1. Can you tell me which residue among GLU211, GLU225 is touching a Pro at 6+ places or on another chain (Cβ under 9 Å), surrounded by fewer than 19 Cβ atoms within 10 Å (Cβ to Cβ) and at pLDDT 95 or above?
2. Say we look at region 28-58 and pick out the residues that are in contact with a strand residue (DSSP E or B) (Cβ under 8 Å, 6 or more places away or on another chain) and among the charged types (D, E, K, R); which of these is nearest to PRO82 (Cα to Cα)?
3. Which residue, of PHE165, PHE125, is under 20 Å from PHE88 (Cα atoms), over 15 Å from the mean Cα position of the chain (by Cα) and modelled with pLDDT under 90?
4. So in region 172-208, with the set limited to residues that are assigned to a loop (DSSP other than H, G, I, E, B) and within 22 Å of the chain's Cα centre (by Cα), which one is modelled with the highest pLDDT?
5. Would you check which residues across region 83-97 are part of a helix (DSSP H, G or I) and over 14 Å from LEU295 (Cβ atoms) and list them?
6. In this structure, does LYS156 turn out to be at pLDDT 85 or above and either within 27 Å of ASP73 (Cβ to Cβ) or part of a loop (DSSP other than H, G, I, E, B) (or both)?
7. Looking at VAL101, VAL132, can you tell me which residue is touching a Leu at 6+ places or on another chain (Cβ under 6 Å) and in a strand (DSSP E or B)?
8. Considering only residues that are under 29 Å from LEU128 (Cα atoms) and surrounded by 18 or more Cβ atoms within 10 Å (Cβ to Cβ), which ones fall in region 230-252?
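The values are calculated or read from the model by the stated rules, or taken from the named source; none is laboratory data. A quick note: this is a predicted structure, and the numbers were derived from the prediction, not measured. Ideal geometry is used to build each Cβ from the backbone, glycine not excepted, and the neighbour counts take in all protein chains shown.
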Amino acid sequence: MNQDHVWTISPVERIRHLKSFGPLTSLPLDEISLIAQHTEECAFRAGETILGGPQSDERPYVIVSGQVRALADWILDEERGPGTEVGFLASLTDRWEDLSVVAETDVLALGISSDVLADVFEDRFPILIEAVRGMAAQSLQERQKIADGTYLAIPKRIGALPEGFTLVDMIMMLRQADAFSGAGMKPLVRMARAVEQLRFPAGATIWTAGEESGSLFTPIVGEIECQTPDGRTFLVGPGYPMGALESTAREPRWFDAVAKTDLIVFKSRTSEFFDMLEDHPDVALQFLGQTAGNLVRLRSEAKKALQEETLVEAV
């Protein structure tokens, strides 16, 4: 990093640049201002390693000017310029060793301490939730590319529930979900009591594309046939939280869902889940990391599929 750099970014400009960063875009100015107070102006020469080298700091950057090349399994847009970020997902998933960012031109950036960012997320719930919603929206974009004939299920989440399941059975099931893997008893009990059990006969419509979201349906018995407006179909089976991404991102349903068989599902409302997260910051921070991990996984799968498609075309 250039130690002779003369600082040029005013507090107002810092706020403006941070507000161009996806997860922070819709935050009010007072929240953006809080983060701006903990940024550091950094300059890099062309060819210099920003992230990934032995001398680099492990923290996210928002690019103010210049161009960088970012390489990682989950990065599709390797060329990045002003208004974009590098290192945010790595900071949430602790996958710094998989990331390489090099300045292609002279670069001016705002560095944000990972520790400070974690403190901000812990102390300011609206910022954390906005980050979660932003990553869910990006994950939704990747999920909407789903291949025809895909089968989605996580049977280990539900195990062998008895026909007349109890509150304890529900708690045990929730503990298998990623969002609650390290949660204490209070949030588990709270969410278990809020879950509804619903039954649908084969052929029943659960929802249609374009409807308002706000809840997820986890099949316990049976399967759901889903069809996108362009005609692709996929199946959802036991344990998969159908509708979670669009509900978290506040987007409408993006496919028709019809019970393929007689169906038993657990319905959970996103609003109740977020209310619980606000009261349990430890679970909220864990959920933020899991949302980031899910985005990394989906992007990695998309990049691999793209590379395989390119290889086939080349052959």
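1. One residue alone meets the criteria, GLU211.
2. Among those that are in contact with a strand residue (DSSP E or B) (Cβ under 8 Å, 6 or more places away or on another chain) and among the charged types (D, E, K, R), it is GLU41.
3. PHE125
4. My answer is ALA183.
5. Matches in region 83-97: TRP96, GLU97.
6. no
7. One residue alone meets the criteria, VAL101.
8. Within region 230-252, GLY239, TYR240, PRO241, MET242, GLY243, ALA244, LEU245, GLU246, SER247, THR248, ALA249 meet the criteria.
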